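S.K.: This is the structure, below, for whatever I ask next.
The values are calculated or read from the model by the stated rules, or taken from the named source; none is laboratory data. The model shown is predicted, which means the values in this text are computed figures rather than measured ones. Heads up, the Cβs are rebuilt from the backbone with ideal geometry, glycines too, and the neighbour counts pull from every protein chain shown. Surface accessibility is based on the protein's heavy atoms, side chains included, excluding ligands, DNA and RNA. Shrake-Rupley method; radii C 1.70, N 1.55, O 1.52, S 1.80 Å.
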Amino acid sequence: MKIKACLFDLDGVVVDTARYHYIAWKKTAEDLGFHFSENDNERLKGVSRMDSLNILLDIGKISLKQDQKELLADKKNNLYVSYIRQMTPDEILPGVIAFLDELRDNGILIALGSASKNAMTILELINLTRKFDVVIDGNKVGKAKPDPEVFLKGAFELGIDPANCLVFEDAQAGIDAARNAGMHIIGIGQAENLKNADFIIPGFENMNFDRLQSLYF
Ligand code: B16
Ligand code: MG
């Protein structure tokens, strides 16, 4: 059997937290005196908090010292956390719960591999923590995607060879990270935005264990 574990990204795969990130970054940019568009926000998907701030400052053509950047990143995060505090299980993307349950019923191990330092808070709020055997988030890794660390740690903690792991990712940085980890990859979203995945699906509504078997087993 080729696939023994599935690793899920969080933002854009399990839930759509990108919109909360966007309003918090938009406010941060406006406080600095420039506009930050939804299109600009696409560049931040899957990217760590500090790397996101660096991209934002680059767009606004602003240069700041490290300590100022840390204060700004904290401020943005406080705003973001105030938004996600209202999240409920209704925000889990369609088909996700059924697919996770089917994987478990078929003996496939499940991990979360997210760049977010807020991943545990989000999983608790949407009542999904217990569906994951292992959670690797932004607090557990030193190197951001596209470095493979987040997924390699997940595979290691599950005790599964990376070659038997399948990653679900919505961001190019995450697909590159999974590829760098030597794993199989299904991209979530539009093919034109995602390069180098094995397959692309729009979401989990039509995804099930039979389809997975037909693709990989
Ligand atoms: P935080 P993922 C990523 O989540 C988001 O896509 C990205 O926009 C965000 O900057 C990053 O988490 C860090 O999030 O500020 O909460 O630590 O897609 O890797 O689940
Ligand atoms: Mg993502």
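S.K.: Over all distinct Cα pairs, what is the inverse of the mean 1/r for the chain, reported as the Kirkwood hydrodynamic radius in Å?
M.R.: After inverting the mean inverse Cα-Cα distance, the result is 17.7 Å.
S.K.: Got a number for the accessible area of Asp11? Probe 1.4 Å, square angstrom, nearest 10.
M.R.: 30
S.K.: How high is the FRET efficiency between Gln86 and Asp31 when r is their beta carbon distance and R₀ equals 22 Å, given to the nearest 0.05?
M.R.: The calculated FRET efficiency here is 0.50.
S.K.: Roll a 1.4 angstrom probe over the protein heavy atoms and tell me the percent of accessible area of the chain that is carbon or sulfur.
M.R.: Accessible surface attributable to carbon and sulfur in the chain totals 48 percent.
S.K.: With a point put 7 Å past each Cα toward its Cβ, work out how far Lys75 is from Ile55 in nm, to one decimal.
M.R.: Roughly 2.1 nm, to one decimal.
S.K.: At 1.4 Å probe size, with every protein chain present, just tell me what the per residue accessible area of the chain comes to in Å².
M.R.: Heavy-atom SASA per residue in the chain reads 47 Å².
S.K.: Let me ask something else. So how many Å³ per residue does the convex hull of the Cα atoms of segment 102-149 work out to?
M.R.: Looking at segment 102-149, the number lands at 82 Å³ per residue.
S.K.: As a test of the formula, what do you get for the chain when each DSSP H run with n ≥ 4 contributes -39,500 (n - 2.57) and the sum is divided by the residue count, at 222 nm and rounded to the nearest 500 deg cm²/dmol?
M.R.: After summing the helix terms and dividing by residue count, I get -12500 deg cm²/dmol.
S.K.: What is the ratio of the Cα radius of gyration of segment 1-125 to 2.2 N^0.38 Å, where N is its residue count, to two decimals?
M.R.: Working it through for segment 1-125, the quotient is 1.22.
S.K.: Give the whole-number value, in cubic angstrom per residue, of the convex hull volume spanned by the C-alpha atoms of segment 18-84.
M.R.: Once divided by residue count, the hull of segment 18-84 is 73 Å³.
S.K.: Hey, what's the Kirkwood Rh for segment 153-217 if you take every pair of different alpha carbons, in angstrom?
M.R.: Over segment 153-217, the inverse of the mean reciprocal pair distance is 12.3 Å.
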